[in-house]
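Novice: The following block contains the structure, expressed as structure tokens.
Nothing in this text is a laboratory measurement; each read-out follows from the coordinates by a stated rule. Quick caveat: nothing in here was measured; it's all calculated off a predicted structure. Note that we place each Cβ from the backbone using ideal geometry, even for glycine, and neighbour counts take in every protein chain shown.
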Amino acid sequence: METIYICITLFIVVAILSVINYLKRVETHVQWRNKLAKLDVKNNGDNDEIIKHFVGYEYPFEMFLALNFCFYRTFCSPTIASVYRKTGTIYNTPDKRACDTDLLMHIWMDYGLDSTEGKASYEHLNKIHGLHSSKTRNVDFVFVLCCLVVDAIQFTNDYGWRRPEEKEKQAMWEFYRRVGQRMQLTNIPENLQKCYEFVESYTEDNRQARVTEDGQVLTEAITKLVCQWYYLLPAFVCRMAVKVVLYQMGATFQRKLGLSKPSIFESLLINTVLITRRSILCVIPPRSVPYKLSDVIMNTDYGCPVSKQTITKVGPLDMLAKIQ
Ligand code: HEM
């Protein structure tokens, strides 16, 4: 009898806290929407502010996932996969490669693309890419750029606590368009709609995207890394989740990684977990301070704070030796 009494009391406390937290979330979201209405996505300062809020407060985990799952998209491209396979960085040191990528790219989002740190990060990245310029193509860079936008929108839309506002989606596009300009890319699509069309046509075209051994090897390397990150889950569950999520990102590209279509049971199971997670997110308190992934990685992996100087330590050691 006493146990039942304790359970009912606990249930009521959790229910009340959930309602309070949900209302807090709604209130902070209304405040953010009012502020968002006054910001201009095409103004660099405003654009950085929207992205900082989007990544730091609203969707830190979804943006982290989107960025890392975006790696997979690039593996169905024979030209990109062959460059990655030759340098061997993703295959030999996937954890360092993924963390360094998260670090350099999150600096743009956490600090602002045109901040001192943001500028140091893309200038450093341009030097790394410059080492491979004879083997890389503009069209492939534009493809990766567009995938980053498509995935950021899809992951936050499908797995975040709320769906992104239309203006936030436009801001994401504008943000990566600015990134592309700073990487000296040409023929960047004109708008978000064209960006989607670009990803679609590149992925559908068998000359640009198809199953290759390089792509499969890289896919396996990143999948092993994901299983390593989520080591508390049995590996087969982790692989199932990767397969389902990749399929939801796009059936054609998932097939072009050489993966099989997930069964209805696998999709149902993983989506139930994801929907449950989404519901839990709605009833936990909103963030009061931004989550800055770049600070976390820089401190953990390099033992120092993010700065113009420390950014130059990031990257594959053999490549750093050539650019410094
Ligand atoms: C907008 C598009 C792209 C972005 C934002 C981007 C971002 C990055 C970042 C952040 C790193 C640093 C990782 C590290 O320090 O280990 C990196 C490294 C690298 N990227 Fe890109 N990248 C893009 C497109 C491409 C393309 C199309 C290629 C062509 C194959 C490419 C080839 C490389 C290579 C070879 C490295 C050095 C690490 C390695 O060997 O894997 N990138 N990229």
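Novice: What number of residues within the stretch 108-125 are touching a Gly at 6+ places or on another chain (Cβ under 6 Å) and either over 16 Å from Val55 (Cβ atoms) or within 12 Å of the ligand (Cβ to nearest atom) (or both)?
Specialist: Number of matching residues: 1.
Novice: Now for a different question. Kindly indicate whether Leu268 is within 30 Å of Glu197 (Cα to Cα) and within 19 Å of the chain's Cα centre (by Cα).
Specialist: So Leu268 fails the test.
Novice: Moving to a separate point now. Six or more apart or on different chains, Cβ under 7 Å: which pairs go from a residue in the stretch 282-295 that's touching a residue at least 24 places away in the same chain (Cβ under 8 Å) to one that's assigned to a helix (DSSP H, G or I) and among the aromatic types (Phe, Trp, Tyr)? Could you list them?
Specialist: Cys282/Tyr22; Val283/Tyr22; Arg287/Tyr57; Pro290/Tyr57; Leu293/Phe64
Novice: What are the pairs, 6+ residues apart or on separate chains, where a residue within the stretch 247-258 that is free of Cβ contacts under 8 Å to residues at least 60 places away in the same chain has its Cβ under 6 Å from a residue that is assigned to a helix (DSSP H, G or I) and hydrophobic (A, V, I, L, M, F, W, C)?
Specialist: Matching pairs, first to second residue: Gln254/Leu246.
To keep it simple, each residue is scored yes or no on (1) surrounded by fewer than 16 Cβ atoms within 10 Å (Cβ to Cβ); (2) in a helix (DSSP H, G or I); (3) touching a residue at least 12 places away in the same chain (Cβ under 8 Å).
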site: Thr9; (1), (2), (3): yes, yes, no
site: Ser18; (1), (2), (3): yes, yes, yes
site: Met63; (1), (2), (3): no, yes, yes
site: Tyr91; (1), (2), (3): no, yes, yes
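Novice: Output the residues belonging to the stretch 126-143 that are near the ligand (Cβ under 7 Å from one of its atoms), β-branched (Val, Ile, Thr) and within 22 Å of the chain's Cα centre (by Cα).
Specialist: Passing the criteria: only Ile128.
Novice: Select, from Asp158, Asp140, the only residue that is in contact with a helix residue (DSSP H, G or I) (Cβ under 6 Å, 6 or more places away or on another chain), surrounded by 15 or more Cβ atoms within 10 Å (Cβ to Cβ) and acidic (Asp, Glu).
Specialist: After applying the criteria, what remains is Asp140.
Novice: Here is a list: Ile280, Ile284. Which entry is in a helix (DSSP H, G or I) and not basic (Lys, Arg)?
Specialist: Ile280
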